[in-house]
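Chemist: Would you mind keeping the following structure in view while I ask a few things?
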C-alpha cells in the first residue's frame, strides 16, 4: 500500500551478468488515499467506492461492495439511511441531531430538534462550525463538496442588554429584545410578540448607573466617564450631556455602545461651587435619564505639606493636606518642573514621592487638577545624607561598637536624633544563631546604603521567672537574674514594668539587671493584684517573670490575703533568709536613699526660688507696667471702615468674598428682574404679607437658614428703613407675646439670635449706631484694641498655642518661665520691596526703631515691624507677611535671611522648633531629614518628661500676670465704657436709635404690666449692650481695617464679658472658687453697675424721639447708602425660600388674607413660565 496518491516508476530487466536488455515505465496509484466518494470516482484511475465499507478501493478487489449503488443513487428520504447532522465545535464537542429529507424536496436535508440541542448543550454565544451528514448505524459521512459551514448562535448570550442586543452584527438580525422577559431572543420566543423590539427600535429604560470622577475643579475641563444601560445605539443618539447645569461635550473615541459615555465639561463662565445630577438628552424611548448621585464643582485647596524637605535624590514620601484633593480626573503633583511619583489621593490628603533634582534649594509644590493649578507651598531639597558608621545595642556616638542582637536584611523605623546621629530599631528575624546577615538603609531615593555591610546575629537574652508564685519585695533596688542579658544590648534597650508603672533600670550585666521600683505598690493592669513584672527588650521581646508584691511595714497598707497565707506556711529557714536579705538590701541602698533625698531637696529649693522669682517679677510689673506704656502707643488716625463694608460685616459676619449677596451692587433691581420676582417684590412691601412670610419661615427653617433670611430681608428693606422699622416693631411685639404665652421665660427675649426677628433687630440697631461708632466710641475702642495688642506683644507669645505672658484670660496664660531679652532693632522697608509685593505702602518709612524680643518668631518680628512702619494706617495697606523677606545686618557682616523655618531649624524627637532671633545668634547646624514633624515655638506638650530634667511649677503663681495686664489696660477700658455709657447733650442725636428702641420696649412692658421689672431691664440689656456692644468689643475688625490675633480675641472677650456683667441685676457672691475672669474685674464691676444705672436713668429722662426726627434719621440712612447692597440676589434668595415652602406659606396666607394668597400664587405662576 502506498502512502502517496500516485507515482511513476521505471522497470529494467537485466541478466545475472549485468546485461540490460529491456526497460519500461509504468504508473502506480493508491485508491485508499481518497477519503470521499466524489474524489474516489472522480479520478482517472481504476478506483471504485465501496458503500458498505465507506472507503475507496481498486475495482473488483472487494466483493462486498454494491456496485449497483454506484449506478443507481439511493433516494435520501428513505428511512433506511438513518441520517444524522453532526456539528463539530471548536472545543472538540460533537453535537448530533436527527436528519430527514422530504420526498417533495429530495435534495434537501433538514436537521431536526436543533434548538433543543443548543438548549441542553454548552453555552455558546456564536461559533462557525463544520457540518457533517452521516447515514446508517456506522455513521458514514456524505460528501460535503461545497464545504458548507454553519453559524450557530444564542441571542440570549450575545446581548445581555437591550442596546447590545439591537446593535448585533447583521448576520444576527433575527435577534431582538423582548421587553417583558427583559432578554435578547428570537421573535417567536417573546410573549406577547408585539412587545419584541427589532434593531430599528430604541431601547426603553435608559439608566445612568455611575460616573467618575464624582467631583472636579470649579473651572471645568474635567473628563467624566458615565456608565449606564441603554445609553444610545450610537453616539448620535445622545444630543446633550449636562453635568450640574453645565454642558459636557461627548467624546466619540471613548464611546462604548449603550454602556459608556465619556464627555469633557465645558469651561465655566461662573466659577462657583455647586453640585447637581448628570442629565442626558437624546433619541431615547421614554424619559431622559438622570443620575441619582450628584457631581460636585469644588475648589481644591492645599493647606500644608509634610515633610517640606528631603534629599535631592528624591524618593521622599510627602503628605499634602487640604480639601477636595480627590477632585478631577487627570491630577498630578509637581515639584518645580518635575512630577511627583506614585500619587495617591483622598478627600483631605494626598501623598506622592518626590522626584530627584540636580540642585539643592527650594522648589514650589503644586497640584494640577485637570490642567488647573492649585497651591504654592515650598519644598526644600538638601544634599543627600551620608552614613559613615553604625553602632549597635543602643550605643551613642563615641561608644564602643558591639554586635547587633537582632538585625536583618534591612533596618527599619529610624529616627534622627540630631544632624549626626540616627537611631534605628532592628526587625525580628527567623535565623539560626550565631550567624552573619547583611543589612542596609533606605533613605528615600538615596542610593548607596541599601547594602551597607554585615553584622553578627546572636541569640536572645534569657530572663529567669520568679521561683515563687508571688515574689515579695521589701524596698530599695530590685534584681532580676538571667543569661546573656547585655550581649549586644544596652540599658536603653530594656524597660521593666511593674503593672502600670516603670522600674527604672540602673545597671545591666551578663547575668543580672538591677532597677529601682516606685515607692508605692503599683497598680496591676486591668485590676490585677498583685501586679505582674514584665521585662521588654527593644520592641519585640517581652518576658513575664511573675507577680510582685510589696512588703509594707510600720502601719502601711498590709499584704493581700493570698500573700499572708503564703507567708504563714513559709518555713523558718525562708523567714531567716528574708530577714537576712532585708538587712543586706538596707545596707546596700542606704547611699541611694540619701542621694534621692538630696535630689528631692534640690528640686524643692529650685521650686521655691522659682516661686519667689515669679512673685517678685509680678510685683514689679504691678508697680511699673502702667507707667511706661502710654509712650509706646503710636499716635495716628483711626482706620475706620466705610459704611458699606461695616454693614456687610454686620450682615454677613462669616461671609465669603465670592458670596453674591455679600458683594456690593450698583445695579437697580427693577432693571433685570423677572415678572414673578417683581410681583414678589411688591408683596414684600405689603405689611401683612411680609409679617406672615417671616412668621412662616420661623417655624420651618433651621437656625442657620433663619439668620441668612434675616440678612436678606434687611438688605431688601434697606432702601425703606421707615417701613422696615414698622415691620420690626410688629415682629418684636409678636415675639414678646409669644414668650408670654409659652413656657419660655419672658426675660430671655432678645438674649439670642435664634429667630429671624432677633437677628433683624440686631442688624437694625447696628446699622443705626454706625455714626455713634464713627463720631464717639470709635476712638476709645481702637485705643483699647491697640493697647491690648501692644501689651501682649511686650512679653513672650507662643506662635502656635497663642499662649501669652501678658493677657487677661487664664485659658491662654503662658505658664512656663521663658528666658528672653528685649532688643531694639532698626527696620527699613525700601520702596522697591513694596512694589515687589504688588502693594505700595500708604506711607514710606525708613530706619524705624522697633522693640522686639529675642524669643519672637520671625513672623512676629515682621508683624511688629509693620506695626511700627504703618502705624494706624488701614491693614489693607500692608503687604502680606509671606511676601516680605527679613534680612539681619550686623556691622559689616553679610546679610542673613531670617525665616520661621529653614535648613538651620532645630529638629528633635519628632518636633521642629520655628526659628527666633535668639536662634540666629548662635552657630547653626543643618537639620537631619525626618518624617512628619510637629511644630512648636516656646512650649510644647511632651509625651513624657524625663525625670530630673524639669523643675515643677505651681500654675496659680502666674495668676498675678493677669492682674498686671489688667492694670496696664485699665484706663483704656474705663475710657471706652465711659464713652458708651455717658449721656450728654453732645451725644443726644447719636443716641436717638437707642432712645427710640427703649421707649418702644417701655410701652410693650406697660401693655403687659411689666413696667420697671427685671424683664424690661433684661430686654434693654439684651437688645443693645449684648446684641451690639458686646459683639463690637469682641470683633473690632467689623469697624476697623485691622487684623485680630487669637490672643487679642481672648483678651477682648474677657473685657466684653465684664461689660455685660455690669448690666446684670443679680449680685452673685464671689469666692476663691469663682472664675478668675470674674475675680479679675470684681471691684470694677461694682463701679460699672453704677454707671449702667445712671445710663438707663439718663436715657429715660431724654425727650422722646419725635416722629419727624426718627423719619429723618431713617430716610438719611436709606437714601445715602441705598445702592450699597446686591438687592437682586437678596430678593432672589427670599423668593427661592418662598417657593420652597410654598405650601406652608399658602396655608398661612389663606388664614390671613385670601387676596394675598392669590397674588402670591400668581407670582409663582409667572416665575414658572419664565
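None of the figures in this text is laboratory data; all of them are computed from the coordinates on show. Small disclaimer: the values here were computed from a predicted structure and weren't measured. Cβ sites come from the backbone with ideal geometry, for glycine too, and all protein chains shown count toward neighbours.
Chemist: Provide the three semi-axes, in whole Å and in decreasing order, of the ellipsoid equivalent to the stretch 207-298 as defined by the square roots of 5 times the Cα gyration tensor eigenvalues. Working shown, then result.
Modeler: On the way: eigenvalues 90, 33, 25 Å².
Working through the eigenvalues yields semi-axes of 21, 13, 11 Å.
Chemist: Right, here's the next one. Under 10 °C and 1.306 mPa s, how fast does the stretch 150-229 diffuse according to Stokes-Einstein, given a Kirkwood radius computed over C-alpha pairs? Answer in µm²/s, whole number. Each step should come with its number before you reach the end.
Modeler: Details: Rh = 14.4 Å.
Rounded, D is 111 µm²/s.
Chemist: Right, next: Based only on other Cβ atoms within 10 Å, what is the fewest-to-most ordering of 329, 961, 264?
Modeler: Values: 329 16, 961 24, 264 20.
By the 10 Å Cβ count, ascending, the order reads 329, 264, 961.
Chemist: Moving on to the next point. Let me check against my output: what whole-number percent is the relative contact order of the stretch 302-382, with C-alpha pairs under 8 Å and at least 6 apart? Could the numbers behind the result be given before it?
Modeler: Working: 199 pairs, mean separation 28.4, N = 81.
That works out to 35 percent.
Chemist: With viscosity set to 1.306 mPa s and temperature to 10 °C, compute the Stokes-Einstein D of the stretch 451-561, Rh being the Kirkwood radius across alpha carbon pairs; µm²/s, no decimals. Show your work: numbers first, answer last.
Modeler: Working: Rh = 15.0 Å.
Answer from the Stokes-Einstein relation: 106 µm²/s.
Chemist: While we're on this one: Sort 431, 646, 972 so that the residue with the fewest other Cβ atoms within 10 Å of its own Cβ comes first and the one with the most comes last. Before the final figure, lay out the partial values.
Modeler: Numbers: 431 12, 646 19, 972 23.
Taking fewest neighbouring Cβ atoms as first place, the list is 431, 646, 972.
Chemist: To make sure I understand, if each residue's beta carbon is the centre and we count other beta carbons within 10 Å, what order do 764, 911 fall in, fewest to most?
Modeler: Fewest-to-most ranking of 764, 911: 911, 764.
Chemist: Could I ask something else about it? Between residue 342 and residue 160, what FRET efficiency comes out of the Förster formula 1/(1 + (r/R0)^6) with R0 = 30 Å and r the beta carbon distance, rounded to 0.05? Provide the component values of the computation, followed by the final result.
Modeler: Details: r = 37 Å, r/R0 = 1.23.
Efficiency, rounded to the nearest 0.05: 0.20.
Chemist: To the nearest 0.05, how large is the calculated FRET efficiency for residue 1153 and residue 729 if R₀ is 25 Å and r is the Cβ-Cβ distance? Before the final figure, lay out each step's value.
Modeler: Working: r = 20 Å, r/R0 = 0.81.
Taking R0 as 25 Å, the efficiency between residue 1153 and residue 729 is 0.75.
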